[in-house]
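These notes concern the structure reproduced below.
The values are calculated or read from the model by the stated rules, or taken from the named source; none is laboratory data. As the structure is a computational prediction, the values presented were derived from the model and not from experiment. Cβ sites come from the backbone with ideal geometry, for glycine too, and all protein chains shown count toward neighbours.
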């Protein structure tokens, strides 16, 4: 009788354990991607210019809600690909909806008005007559507190504005007809 009760308790324990394991969902890390951004680059003429990315659209491919915690960026020389400057903006707390398995383009979340600091990088660009590409990395985690981390990148062009002087002004040449 005692063996029967012990066997019944063991079977009952395994049944509860198996049922509890089936109830636990394991949250994967969000698969976040920069889907689109506008504009793709800009010109600057002074260190006091404000560089604004009007909109950055994100999509979460595996439908896991996510939070962007940090945006960091480094400037890379177009000429030699060396890193010539960097910056970090922490504490964004921007929520990305994962949606459900039926939404695709409707699950795009848009971040508006992202500002990049070009104060320090302008002197490098002007001195070296070089343009740069901002390699922007967004980092975060799932919105469920599971600490599943993600990061995604985008690249934004920052170019020196053309300077006009008498030597480089282009004058259109008329073709055809009489130039009298």
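Tally time: how many residues in the range 100-128 are at pLDDT below 85 and within 18 Å of residue 56 (Cα to Cα)? Walk me through how you get there before you give the answer.
Within the range 100-128, the first condition is being at pLDDT below 85, and the residues that meet it are 100-107.
Next, only the ones that are within 18 Å of residue 56 (Cα to Cα) stay: 104-107.
Of the residues in the range 100-128, 4 are at pLDDT below 85 and within 18 Å of residue 56 (Cα to Cα).
Filter the range 131-180 down to the residues that are assigned to a loop (DSSP other than H, G, I, E, B), within 30 Å of residue 31 (Cβ to Cβ) and either at pLDDT 95 or above or in contact with a strand residue (DSSP E or B) (Cβ under 9 Å, 6 or more places away or on another chain) (or both) and list them by number.
First, pick out the residues of the range 131-180 that are assigned to a loop (DSSP other than H, G, I, E, B): 131, 143-148, 161-165, 169-180.
Right, trim to within 30 Å of residue 31 (Cβ to Cβ) and you get 143-148.
Across the range 131-180, the qualifying residues are 143, 147, 148.
Among the residues in the range 106-122, are any surrounded by fewer than 16 Cβ atoms within 10 Å (Cβ to Cβ), within 23 Å of residue 26 (Cβ to Cβ) and over 12 Å from the mean Cα position of the chain (by Cα)?
Looking through the range 106-122, none of the residues is surrounded by fewer than 16 Cβ atoms within 10 Å (Cβ to Cβ), within 23 Å of residue 26 (Cβ to Cβ) and over 12 Å from the mean Cα position of the chain (by Cα).
For a quick check of your reading of the model, give me the residue pairs whose first member lies in the range 47-64 and is at positive phi, whose second is surrounded by fewer than 21 Cβ atoms within 10 Å (Cβ to Cβ) and in a loop (DSSP other than H, G, I, E, B), with beta-carbon atoms closer than 8 Å and at least 6 apart or on different chains.
Note: pairs meeting the criteria are 63/99; 63/100; 63/101.
Is there a residue in the range 42-52 that is under 15 Å from the mean Cα position of the chain (by Cα) and closer than 30 Å to residue 147 by Cβ?
Going residue by residue through the range 42-52, those that are under 15 Å from the mean Cα position of the chain (by Cα) are 52.
If we keep only those that are closer than 30 Å to residue 147 by Cβ as well, we get none.
No, every residue in the range 42-52 fails to be under 15 Å from the mean Cα position of the chain (by Cα) and closer than 30 Å to residue 147 by Cβ.
How many residues, within the range 36-95, are under 15 Å from residue 116 (Cβ atoms), in contact with a helix residue (DSSP H, G or I) (Cβ under 9 Å, 6 or more places away or on another chain), surrounded by 13 or more Cβ atoms within 10 Å (Cβ to Cβ) and modelled with pLDDT of 90 or more?
Counting residues in the range 36-95 that are under 15 Å from residue 116 (Cβ atoms), in contact with a helix residue (DSSP H, G or I) (Cβ under 9 Å, 6 or more places away or on another chain), surrounded by 13 or more Cβ atoms within 10 Å (Cβ to Cβ) and modelled with pLDDT of 90 or more gives 5.
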